[in-house]
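Q: Sharing a structure below in structure tokens format, with a few things to ask.
The values are calculated or read from the model by the stated rules, or taken from the named source; none is laboratory data. Remember, predicted model here, so these are calculated numbers, not experimental data. Neighbour counts are summed over all protein chains in view; Cβ atoms, including those assigned to glycine, are modelled from backbone coordinates with ideal geometry.
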Amino acid sequence: MTVHICRDLLTINTAIRTPIYPLALFMRRVLKYSYVGSTALKIQTTGESGANLMATGDTAPATQNGTWSGADKASINLGSGLEYKVAIPIGVYTVQAGDLNRLLVLRSTANPKFNSGVFRITNVDTVNNRYTIDYRSSDFPPAEVTALEWYLYKSDADLAFATTSGANPYTGWGVAAACSRIILQSPHAAAWQVRICGEPTAELSGSRTTAITMAPGFDGDGDGDFAPLGSHTHMALWGNTATTAYCTAAGELVEQTGTLRLTMIGDDTGQAVALVIKPGTATQYGIVLFGIPDNEPVAMPDKQRIFVIGVQYGFNRPNNQFFWYTDNSDAVNRHSAGTALGLGSTPIGASWSAWCYASGNSAQAHPGADSTASDSVWSLSTELLPVDVVAGFWLGSWYNTSGGVNVPMPLEPRVMGTAPYVRQGRTNFGDYMLTTSNSWFHLKNGMYLQWGGPSIIP
């Protein structure tokens, strides 16, 4: 398994649905998820109408892994004073002044945590056929010569995300729904899929979803949809209803305008993906994690292995930032919650199960909320604790109206495994700071993300 990191992409488009675009690019081109179907989000080829792919050295970009020759690949770090330059093969594509601010997707096999990712082009050298990229680190990229797979995409600033509602009760589903969405399939043996959607305006105004949803499932179609009552974790689509009765926080992320800083991590075996949102000019934080857990304790059918947990802002949660606290949501507060599939392939609740102190009854009585925590007296270092994903412990949907829950989900309590890419640790380590070993970095409130890449911008 090779882990790739997309590091701190600063968006230009301030629309609330913007993160679905770079997330889809990272998963499709870096993690090699295959394309199932989409509506108003075309990323496959350069020739299709409304294509967002502008150029590539890949001679078969519609296939899962593409086709590359060494001469068609890009180079990075061209020497002293040219460290952040990327050279594009002149015989494949001639760089243009209009490429400024477009997104360059790079995939590195030698340095996947340094040189893979979605990068913004900040300067164009038409004479030497080079780009300068916003590397988002003070470190220099490891030099690679004709070794990087590359895909040039339109800037997020050029996208106007479709929000038109369809005729079905859940308005983001069906051929009449024009909202931007895509289904990608994991290269994992389980062949699970994920629907990434910028939800229609009607769904937001009705408090049935938030602006962005990432819903794992199976059996997606060419429009980028799962079927109502199908094997997937999108509750509004599953129930196909115009009420809030099927609302869920599964994979939903922040509703806000402004620029965002997006960090993504995933593996090339297709096990799991995490997307972290830090504010640029916006104000809220968020993280969504979806896929299959680590350390699964019991062999389960593939459909019962998938989960999604979205951690969003909540106005009564710590500083509108990252947190482990799990709660139901309402029309004002979106909290940490998730969804898995029960034994009958119907949606059930999913949530974190983090370590907590044996004394006290506060839901936030854990090391991540302890302002007096320090390094371990035995290891003389900050200890990070695994966090489990548990399913079926919550009776009812994640949506809360006047203190009551709506459509019930089955109670099927089970531990699914360990959450990939995240750990729990002391909250007073320092926000957005790498650990000494560089293996992890602290987001906020005791939530740590797997790292091993270059230095970061706080």
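Q: Taking residue 256 as meeting all but one of (1) at pLDDT below 85; (2) out of contact with any Lys or Arg (no Cβ under 8 Å at 6 or more places or on another chain); (3) surrounded by 23 or more Cβ atoms within 10 Å (Cβ to Cβ); (4) in a loop (DSSP other than H, G, I, E, B), write down the number of the exception.
A: Only one criterion in (1) at pLDDT below 85; (2) out of contact with any Lys or Arg (no Cβ under 8 Å at 6 or more places or on another chain); (3) surrounded by 23 or more Cβ atoms within 10 Å (Cβ to Cβ); (4) in a loop (DSSP other than H, G, I, E, B) is unmet by residue 256, namely (3).
Q: Right, another one. Please find, within segment 298-319, the residue that is nearest to residue 344 (Cα to Cα) out of those that are in contact with a strand residue (DSSP E or B) (Cβ under 6 Å, 6 or more places away or on another chain), modelled with pLDDT of 80 or more and not polar (S, T, N, Q).
A: 303
Q: Further question: If you check 135, 93, 131, which single one turns out to be crowded, with 17+ Cβ neighbours inside 10 Å, aromatic (Phe, Trp, Tyr) and closer than 22 Å to residue 264 by Cα?
A: Selected residue: 135, the only one of 135, 93, 131 that is crowded, with 17+ Cβ neighbours inside 10 Å, aromatic (Phe, Trp, Tyr) and closer than 22 Å to residue 264 by Cα.
Q: Right, next: For segment 191-240, enumerate the residues that are more than 21 Å from the chain's Cα centre (by Cα) and among the aromatic types (Phe, Trp, Tyr).
A: Matches in segment 191-240: 238 only.
Q: Inside segment 130-157, can you point out the residues that are acidic (Asp, Glu) and part of a loop (DSSP other than H, G, I, E, B)?
A: Selection gives 134, 139.
Q: If you don't mind, another one. Do you know which of the residues in segment 415-450 that are within 22 Å of residue 357 (Cα to Cα) and of a type in the set (Phe, Trp, Tyr) is modelled with the highest pLDDT?
A: 448
Q: When residue 242 is evaluated against the numbered criteria (1) modelled with pLDDT under 90; (2) surrounded by fewer than 24 Cβ atoms within 10 Å (Cβ to Cβ); (3) outside any loop (DSSP other than H, G, I, E, B), which criterion, by number, is the only one it fails?
A: Single failed check for residue 242: (3).
Q: Looking at segment 158-197, which of its residues are within 29 Å of residue 72 (Cβ to Cβ), in contact with a helix residue (DSSP H, G or I) (Cβ under 7 Å, 6 or more places away or on another chain) and assigned to a loop (DSSP other than H, G, I, E, B)?
A: If the condition is that a residue be within 29 Å of residue 72 (Cβ to Cβ), in contact with a helix residue (DSSP H, G or I) (Cβ under 7 Å, 6 or more places away or on another chain) and assigned to a loop (DSSP other than H, G, I, E, B), then 159 is the only one that fits.
Q: If you scan segment 268-286, which residues turn out to be of a type in the set (A, V, I, L, M, F, W, C) and in a loop (DSSP other than H, G, I, E, B)? Break it down into steps so the answer makes sense when it comes.
A: To start, the set of residues in segment 268-286 that are of a type in the set (A, V, I, L, M, F, W, C) comprises 272-277, 282.
Residue satisfying the conditions is 282 alone.
Q: Given the condition surrounded by fewer than 19 Cβ atoms within 10 Å (Cβ to Cβ) and touching a residue at least 60 places away in the same chain (Cβ under 8 Å), answer yes or no: does some residue in segment 40-48 qualify?
A: Initially, segment 40-48 is screened for residues surrounded by fewer than 19 Cβ atoms within 10 Å (Cβ to Cβ), giving 42, 44-48.
Now drop any that are not touching a residue at least 60 places away in the same chain (Cβ under 8 Å), which leaves none.
No.
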